[in-house]
1. Looking only at strands (runs of 3 or more DSSP E) that fall completely inside segment 55-154, which ones have 1 or more residues that are of a type in the set (Asp, Glu), in contact with an Asp or Glu (Cβ under 9 Å, 6 or more places away or on another chain) and closer than 24 Å to residue 175 by Cα?
2. Please verify whether residue 20 is in contact with a Pro (Cβ under 6 Å, 6 or more places away or on another chain) and modelled with pLDDT of 95 or more, treating the condition exactly as stated.
3. Find all pairs meeting these conditions: Cβ atoms under 7 angstrom apart; at least six residues apart or on different chains; first residue within segment 238-249 and small (Gly, Ala, Ser) and modelled with pLDDT under 95; second residue assigned to a helix (DSSP H, G or I) and open to solvent by 60 Å² or more (accessible area, probe 1.4 Å).
4. At pLDDT below 95, open to solvent by less than 20 Å² (accessible area, probe 1.4 Å) and hydrophobic (A, V, I, L, M, F, W, C): is that true of residue 198 in this structure?
5. For residue 243, are the conditions met, namely being more than 21 Å from the chain's Cα centre (by Cα) and either among the charged types (D, E, K, R) or assigned to a strand (DSSP E or B) (or both)?
6. Would you confirm whether any residue within segment 348-358 is farther than 23 Å from residue 114 by Cα and over 25 Å from the mean Cα position of the chain (by Cα)?
7. When segment 16-36 is examined, which residues are found to be outside any loop (DSSP other than H, G, I, E, B), open to solvent by less than 60 Å² (accessible area, probe 1.4 Å) and either under 15 Å from residue 310 (Cα atoms) or among the small types (Gly, Ala, Ser) (or both)?
8. Go through (1) assigned to a helix (DSSP H, G or I); (2) within 22 Å of the chain's Cα centre (by Cα); (3) crowded, with 21+ Cβ neighbours inside 10 Å for residue 311 and report which single condition fails.
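The values are calculated or read from the model by the stated rules, or taken from the named source; none is laboratory data. Fair warning: this is a prediction, and the values are worked out from it, not measured in the lab. Cβ: placed from backbone, ideal geometry, glycine included. Neighbour counts: every protein chain shown. Side chains are part of the model used for accessible areas, which takes the heavy atoms of the whole protein and leaves out ligands, DNA and RNA. Shrake-Rupley method; radii C 1.70, N 1.55, O 1.52, S 1.80 Å.
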Amino acid sequence: MKVNAFGVEEWLNTWEKSATYDIAQSTISSMTLQEILNLEEDKGKKFLENLSREKFNYGWIEGSDDFKFQVSKLYKKIPQANILATNGATGANHLALYSMIESGDHVIAEYPSYQQLYDIPRSLGAEVELWHIYEDEEWYPRLEELRQLIRPNTKMICLNNANNPTGTILDKAFLKEIVKIAKSVGAYILVDEVYLPLEDIENYASIADLYEKGISTNSLSKTYSIPGIRMGWIATQDNQLADEFRKYRDYTMICCGVFDDALGTLALSHKEKILERNRKIINKNLIILKEWVENEPLVSMIYPKAVSTSFVKFEKLDKNKTEEFCIQLLKEKGVLLVPGNRFDLPGYARLGYCTDEETLREGLNLLSEFLREYRG
């Protein structure tokens with residue numbers, strides 16, 4: 001089994017600790033432990049007292065009942081038993097693909113998107129066909145192209161909703177059309193849903209609620225601002241499929257950890273407070289981002305819709321020098337982006353605009369300076 005280097009993760013592993021102004025991340029400004037504890041009326045005193053008495057053994061193998069109950073409330077049709085805790089959404093995606101994909105399977109993957117969704121199936125020997133997204137169609141793929149790609153033996157369609165890196169949300173009506181196409185051949189649909197939209201949510205739906213062969217993966221890392229505890233999950237309506245995930249899960253992990261499970265449960269029990277906090281951050285920072293784009297003639301953007309990742313286009317940059325540009329930007333200005341070639345889209349960069357306001361404003365100002373200074 002051979003797998004390609006994970007472009008975005010390899011980039012961040014190399015460079016993120018060197019940044020003064022990190023506007024590459026796609027988490028909504030990460031919460032501190034004290035901020036999480038402050039969600040409780042007693043500022044977490046009882047929580048910490050109870051946790052101090054816990055034995056730090058393996059804890060709940062597939063996630064505590066309390067954690068799974070809180071996750072189940074995010075869905076309409078998913079029984080609590082069909083939710084399994086994982087090590088972030090990356091762990092959930094890996095579990096789904098490892099459990100289901102075999103050599104010779106036919107897989108269709110939205111492209112570009114999160115690299116796991118097409119490169120892991122390839123590494124397992126699947127024939128992967130790419131379903132392209134189009135900037136001039138607001139980074140949507142085309143349904144007619146999916147109809148051309150689908151086969152009687154298509155095993156799975158892999159999506160990222162909202163998309164990483166563009167921030168594009170495939171709305172409920174569009175997803176229903178994908179479901180019709182998948183259902184015509186009995187294909188599964190796996191959707192990484194780690195970027196939950198915070199506005200216009202009536203037009204959003206989880207694939208696990210829409211389709212009996214839908215598989216939803218998610219985590220607390222992006223929309224819920226707690227990447228540091230590595231709590232994710234996988235959810236499906238299908239009882240047999242959940243049992244299959246349960247079997248394969250035993251080969252990949254034992255548990256998520258006593259502390260992680262407890263803190264994740266606490267956070268989800270106060271999810272409305274977290275979402276309200278994050279809605280304010282997104283709305284404020286999106287205004288700052290739009291003002292910058294509209295006053296910076298050297299860039300353009302299809303704006304994200306209330307999710308925490310965006311994709312900026314450099315209008316005059318030599319596409320072949322995208323990574324060189326981003327490295328030089330970091331070294332000279334201290335500003336970190338993820339170059340678009342790490343998503344196979346040179347000439348662009350992922351811009352994580354949901355950091356703190358000071359970092360965002362100064363990072364954008366310095367980026368504008370560098371756009372005029374750069375001579376690649």
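1. Hits in segment 55-154: 127-134.
2. Values: in contact with a Pro (Cβ under 6 Å, 6 or more places away or on another chain): no; modelled with pLDDT of 95 or more: yes.
Considered against the rule, which asks whether it is in contact with a Pro (Cβ under 6 Å, 6 or more places away or on another chain) and modelled with pLDDT of 95 or more, residue 20 comes out as no.
3. none
4. Working: at pLDDT below 95: yes; open to solvent by less than 20 Å² (accessible area, probe 1.4 Å): yes; hydrophobic (A, V, I, L, M, F, W, C): yes.
Considered against the rule, which asks whether it is at pLDDT below 95, open to solvent by less than 20 Å² (accessible area, probe 1.4 Å) and hydrophobic (A, V, I, L, M, F, W, C), residue 198 comes out as yes.
5. Taking the combined requirement at face value, the residue satisfies it.
6. no
7. 22
8. (1)
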